[in-house]
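Worksheet: the structure to be examined is printed underneath.
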Amino acid sequence: MQHALHYLFYLFALNTYYWTYWTRVGCGCGASTLAIAAAFPNAVVTGIDLDAAGIQKAEDESQRLGLRNVRFVLMDPLDAG
């Protein structure tokens, strides 16, 4: 948890624009991606992962939290071309 807080502080320090775009590759079940979306409501946040179950869990959690600035994509980032 402490590592996550340091990471979010670092992201906060970088968030100098009103609209910011974040991409989290390897987001798993979306915990850090959801934390970024919650911390920066004006940001557009995308989580990418290979695991369909993890993506589904992340999408379910984003709906439960009411986060409208986050989306999750099931894909292999190496195929992004």
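What follows draws every value from the coordinates through simple rules; no lab data is involved. Just so it is clear, the structure is predicted and the values come from calculations on it, not from any experiment. Positions of Cβ are generated from backbone atoms using ideal geometry, with glycine treated the same way; all protein chains shown enter the neighbour counts.
Within 14 Å, Cβ to Cβ, of Val44, how many net charges do the neighbouring residues add up to if Lys/Arg are +1 and Asp/Glu are -1? Kindly include the intermediate steps, with their values, before the conclusion.
Values: positive: Arg24, Arg68, Arg71; negative: none.
With Lys, Arg at +1 and Asp, Glu at -1, the net is +3.
Report the local net charge at Ala58: Lys and Arg +1, Asp and Glu -1, summed over other residues whose C-beta lies under 15 Å from its C-beta.
Result for the local shell: 0.
Can you give the net charge of the other residues whose Cβ lies under 15 Å from the Cβ of Leu74, counting K and R as +1 and D and E as -1?
Values: positive: Arg24, Lys57, Arg71; negative: Asp49, Asp51, Glu59, Asp60, Asp76, Asp79.
Net charge in that neighbourhood comes out at -3.
About the Cα centre of the range 28-81, how large is the charge dipole given +1 on each Lys and Arg Cβ and -1 on each Asp and Glu Cβ? Please answer in debye to the nearest 20.
The calculated dipole for the range 28-81 is roughly 300 debye.
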